[in-house]
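In what follows, a structure is listed as structure tokens, so that the remarks can point back to it.
The values are calculated or read from the model by the stated rules, or taken from the named source; none is laboratory data. For clarity, every value in this text was computed on a predicted model and none was experimentally measured. In this analysis, Cβ positions are derived from the backbone assuming ideal geometry, glycine residues included, and neighbour counts consider all displayed protein chains.
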Amino acid sequence: MDTAAEPAVHMSGIVKDFPGVRALDGAGLRLEPGEVHALLGENGAGKSTLIKVLTGVHRPDAGSIEVDGRPVSVNGPQDAERHGIATVYQEVNLCPNLSVAENVLLGREPRGRFGISPRRMNRRAAELAAGMGLDLDVTRALGEYPIAVQQLVAILRAVDLDARVLVLDEPTSSLDRDEVRILFDLVERLRSRGVAILFVTHFLDQVYELCRRMTVLRNGRPVGTFTTDELDQRGLVGLMLGEQAGELDRVEGRAHDGAPPPDAPPLLHARGLGRKGGVAPYDLDVAPGQIVGLAGLLGSGRTEAVRLLFGADRPDSGSVEVDGRLLSLRTPRAPIGAGLAYCSEDRKAEGLVADLSVADNLLLAMQAARGWMRPMPRKARAELVERYISALRIRTASPDTPVGALSGGNQQKVLLGRWLIMRPRLLILDEPTRGIDIGAKAEVQRLVAAEAEEGTAVLFVSSELEEVLRLSHRVVVLRDRRVVSTLDNDGGLDVDGVLAEIAEGGAR
Amino acid sequence: MTGLSTPPPPPPPTPLASAAARVRALVDGRRRFIPVAVSGLVLVLLFAVGSVRYTGFLEPQVMLNLLVNNSFLIVLAVGVTFVILAGGIDLSTGSVLALSAMICAWLLREGWPPLLVIPVALLAGAAIGFLQGCIIHFYGVQPFIATLGGMFFARGLCYLISTESIPITDPLFGALAQARVPLPGGTSLSLGAVVALAAAAAAAFVLHRTRFGRSVYAVGGSESSAMLMGLSVGRVKVGVYTVSGFCAALGGVLYTLYIASGNSLHGLGMELDAIAAVVIGGTLLTGGFGYVLGSVVGVLTLGTIQTILVFEGTLSSWWSRIVAGVLLLVFILLQRALAPRTVK
């Protein structure tokens, strides 16, 4: 309490390396007492890592943390609590088998003559709850309450700690509107008591409602700290996405003339398709030869949306028809049988088998479709592999080279080739150009456009708006796990227009 | 604010609905007691069956003999309860029991004073438990594997001490074994049974009235949450295996009082009896839910089944295994049905 100018928390120059990636590179933030401060960035920008450094779950490799102006090193969550830093995580990190009172007071239970006194513990927890305006039976098991209440209990725990810094890591992502209201009331109460609150979320509306200042991260690096007055949602989204792929425009112009094909009957016809916690019900039509792009921030529900179509996740509402025939979406079997192909976002974990050869990887899906009882003749295999390696311009020493030895771009082309060999009628591509160089990107785009020319319908998911615009006939914009708009890309659409939709479309 | 946590308003009071509501109100908030209540009910039911079929089944001394004859298993089950509550498993308890009995018999034969022998045996059991806990926590080894290793290790040490049975002739041990605590009505309990009950009471106190005990439940409920709530997960995990090892050794000391010898073949498969008793006593195998009282009830249930078979006289003793197996499956299915829905 010496000077008001002392920040509650000041992190600077934080570096954190994980095997193979640098998650944080010079990140930091400055948190004043009595403010609600937003920490923003796309998924993978390093928000969670930064929080875990603050709460002692991760040790930083470099950088400093000051609490109330004094440099500290935080060695674990217990230590963080000692420094007055409490955290409420996205997945409620409490014990559902214990009572509400125990969850609030675990580790600090009031003791009587015979050890812990349940009576005093329940009374204390009930007082705390009442003080925060919550009406709870604290003797009940936490697991009997809905998630929203569990979140509030987690905050109660922080209140009992007399925390001076409260970190809220995506606390609202599983709450409905009224529950969010209650949570915000509680946050406001704490703020007015001088608690510094760090609010991490991807709901931008909530940021502008609750916060005065915000810190933006991108790829583990700090972009800057802004007040909500000086930066609007549009500008914010631009900062979060960054100036990506500007160079690509110079490599190649539009991949097609922008005219959607004449109104053919849709090949794919999805209605009300959704999954709780994944993506809100949406409609989608894709015609043969049409490329439909899915745009939105990372974590906006793009991947979830296409996984539902393919039966990779089980939808809990809606239906999908291909050529007017209803598909069973319990497993990907029926969609594959109907000619759908899904090229996963995570090519290492879900796509390629790194130790198998290029040829084997190319033929994997084809062989799977034929069944292991009917191996392909050696000669037919060789011809097919030869043809696709040259058509896709896969740069490999030989068809027998292990795929793991190829560059990222060539690996991606192998994965694409695997599905093209199947001659799919609808090709779903999830981030096909992530992490590959500009030249390879242009080639993948060329291949996609060529495939569509031949009548294949394509669903194209990408974080790079320029890419989506260059390729797609129509653009579906997602935001906060909802489809907010569908735009025809007839030449009048530009990056700014889509950005505006991502930032504000469908709001309220 | 209100309405968030209060249950939905009760339906209009038709007779059936109001009865249902009363049942629901009774169960509501007491879900965690259901398994242990069912265990108690099964025990009462077994007693009812026994008393109807056989005269003399409900004699007080017959009931007390359940405690006397199963004292070591009660102590074992109490230790295993800690481990299972914390979400682990301990397969070594039968072997540690044998090792402790072996150490007692061997050291007494070597002429050590009995009052030194017992602490040494207890310490050895606790040390094995502590080591297993360390292996499980610090090296992230599956508890099943680590304690399977402990099981072989302790059993092997028994054979190292002696492959023969070692009789116990020490007068103090003899006196302790014969000691009876008189109870009203001309009945009595052995010292072993009293120790077992005391151990169960102590365990209940530790589990419900100390931070260590509550942390055991927290770790069993969600280990990562317990860690993020600032609890010392390592201390809890190492602690529960140490407690279990200590209890197994205590069980071994009681076993030597009961059997008056040390033998490498003591307690073969007893670790599984202990686990079965804990589960039949309503403790969730995945951790976090259960009570020591339930484990005691579980042991008594297994014991009662055996008593019934003794009274029956003609049935093969394997029937006790079959009944125990069926009960075990029933309880596991019951737990499945009562398990809180996983929150997605």
Being under 30 Å from B:Leu231 (Cβ atoms) and not in a helix (DSSP H, G or I) narrows it down to one residue among B:Val181, B:Val141, B:Val206; which is it?
B:Val141
From A:Leu236, A:Leu186, A:Leu175, which residue is at pLDDT 85 or above and either touching a helix residue (DSSP H, G or I) at 6+ places or on another chain (Cβ under 6 Å) or of a type outside the set (Asp, Glu) (or both)?
A:Leu186
Taking segment A:63-97 and the residues there that are within 21 Å of A:Val138 (Cα to Cα) and among the polar types (S, T, N, Q), the one that is farthest from the other protein chains (Cβ to nearest Cβ) would be A:Thr87
Which of the residues that make up segment A:123-144 are crowded, with 21+ Cβ neighbours inside 10 Å, more than 9 Å from chain B (Cβ to nearest Cβ) and in a loop (DSSP other than H, G, I, E, B)?
A:Val138
Quick count over segment A:30-51, residues being of a type outside the set (Gly, Ala, Ser) and more than 22 Å from the chain's Cα centre (by Cα), is 6
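For B:Ser232, are the conditions met, namely being under 22 Å from B:Ile136 (Cβ atoms), among the polar types (S, T, N, Q) and surrounded by fewer than 22 Cβ atoms within 10 Å (Cβ to Cβ)?
Details: under 22 Å from B:Ile136 (Cβ atoms): yes; among the polar types (S, T, N, Q): yes; surrounded by fewer than 22 Cβ atoms within 10 Å (Cβ to Cβ): yes.
In short, yes.
Scan B:Thr283, B:Thr242 and give me the residue that is within 14 Å of chain A (Cβ to nearest Cβ), within 20 Å of the chain's Cα centre (by Cα) and more than 30 Å from A:Lys52 (Cβ to Cβ). It would help to see each step written out before you state the result.
Details: B:Thr242 fails: within 14 Å of chain A (Cβ to nearest Cβ).
None of the others qualify; the one that does is B:Thr283.
Quick one: is A:Gly107 facing chain B (nearest Cβ under 8 Å), within 30 Å of the chain's Cα centre (by Cα) and on the phi > 0 side of the Ramachandran plot?
Values: facing chain B (nearest Cβ under 8 Å): yes; within 30 Å of the chain's Cα centre (by Cα): no; on the phi > 0 side of the Ramachandran plot: yes.
It is false that A:Gly107 is facing chain B (nearest Cβ under 8 Å), within 30 Å of the chain's Cα centre (by Cα) and on the phi > 0 side of the Ramachandran plot.
Sort through A:Lys52, A:Lys47 and tell me the only one that's without any contact (Cβ under 8 Å) to a residue 12 or more places away in the chain, crowded, with 16+ Cβ neighbours inside 10 Å, charged (D, E, K, R) and out of contact with any Phe, Trp or Tyr (no Cβ under 8 Å at 6 or more places or on another chain). Give the derivation first.
Details: A:Lys47 fails: without any contact (Cβ under 8 Å) to a residue 12 or more places away in the chain.
Going through A:Lys52, A:Lys47 in turn, just one is without any contact (Cβ under 8 Å) to a residue 12 or more places away in the chain, crowded, with 16+ Cβ neighbours inside 10 Å, charged (D, E, K, R) and out of contact with any Phe, Trp or Tyr (no Cβ under 8 Å at 6 or more places or on another chain): A:Lys52.
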Of the numbered conditions (1) farther than 29 Å from B:Ser222 by Cβ; (2) out of contact with any Ser or Thr (no Cβ under 7 Å at 6 or more places or on another chain), B:Ala105 satisfies every one except a single condition; which is it?
(2)
Residue ID - modelled with the lowest pLDDT, chosen from residues in segment A:243-261 that are surrounded by 15 or more Cβ atoms within 10 Å (Cβ to Cβ) and either under 24 Å from A:Ala45 (Cβ atoms) or not assigned by TED's automatic domain parsing to the domain that holds A:Gly455 (or both)
A:Ala245
If you go through B:Leu115, B:Leu122, B:Leu97, the only one that is surrounded by fewer than 23 Cβ atoms within 10 Å (Cβ to Cβ), out of contact with any Pro (no Cβ under 8 Å at 6 or more places or on another chain), at pLDDT 95 or above and under 15 Å from B:Leu257 (Cβ atoms) is B:Leu122
Residue list for segment B:258-278, filter: touching a Gly at 6+ places or on another chain (Cβ under 7 Å) and either under 17 Å from B:Ala154 (Cβ atoms) or buried (at least 23 other Cβ atoms within 10 Å of the Cβ) (or both)
B:Gly267, B:Leu268, B:Gly269, B:Met270, B:Glu271, B:Ala277, B:Val278
From the options A:Leu420, A:Leu469, residue that is under 17 Å from A:Arg393 (Cβ atoms), part of a helix (DSSP H, G or I) and in contact with an Asp or Glu (Cβ under 8 Å, 6 or more places away or on another chain)
A:Leu420
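Could you please let me know if B:Val216 is within 12 Å of another protein chain (Cβ to nearest Cβ) and under 16 Å from the mean Cα position of the chain (by Cα)?
Details: within 12 Å of another protein chain (Cβ to nearest Cβ): yes; under 16 Å from the mean Cα position of the chain (by Cα): yes.
Considered against the rule, which asks whether it is within 12 Å of another protein chain (Cβ to nearest Cβ) and under 16 Å from the mean Cα position of the chain (by Cα), B:Val216 comes out as yes.
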Given the condition at pLDDT 95 or above and under 19 Å from B:Val216 (Cα atoms), answer yes or no: does some residue in segment B:67-75 qualify?
yes
At least 2 residues that are among the charged types (D, E, K, R) and in contact with a His (Cβ under 9 Å, 6 or more places away or on another chain) in each: list the strands (runs of 3 or more DSSP E) lying fully within segment A:277-357 that qualify.
A:279-286
So, in segment A:395-420, how many residues would count as being surrounded by 24 or more Cβ atoms within 10 Å (Cβ to Cβ) and polar (S, T, N, Q)?
2
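Of everything in segment A:145-175, what is part of a helix (DSSP H, G or I), crowded, with 19+ Cβ neighbours inside 10 Å and facing another protein chain (nearest Cβ under 8 Å)? Give them in sequence order. Let's see the steps before the verdict.
Initially, segment A:145-175 is screened for residues part of a helix (DSSP H, G or I), giving A:147-160.
When the remaining residues are screened for being crowded, with 19+ Cβ neighbours inside 10 Å, the result is A:148-159.
Those that are part of a helix (DSSP H, G or I), crowded, with 19+ Cβ neighbours inside 10 Å and facing another protein chain (nearest Cβ under 8 Å): A:Ala148, A:Val149, A:Arg157.
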Take the residues in segment A:340-355 that are under 18 Å from A:Pro399 (Cβ atoms) and surrounded by fewer than 16 Cβ atoms within 10 Å (Cβ to Cβ); name whichever of them is modelled with the highest pLDDT.
A:Asp355
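Got a sec? Which of B:Leu228, B:Leu257 is away from chain A (no Cβ under 14 Å) and among the hydrophobic types (A, V, I, L, M, F, W, C)? If you could, list the steps in order and put the result at the bottom.
Working: B:Leu228 fails: away from chain A (no Cβ under 14 Å).
Sole residue among the options that is away from chain A (no Cβ under 14 Å) and among the hydrophobic types (A, V, I, L, M, F, W, C): B:Leu257.
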Residue hits (segment B:280-296; more than 14 Å from B:Gly88 (Cβ to Cβ) and crowded, with 22+ Cβ neighbours inside 10 Å) are B:Ile280, B:Gly281, B:Gly282, B:Phe289, B:Tyr291, B:Val292, B:Gly294, B:Ser295, B:Val296
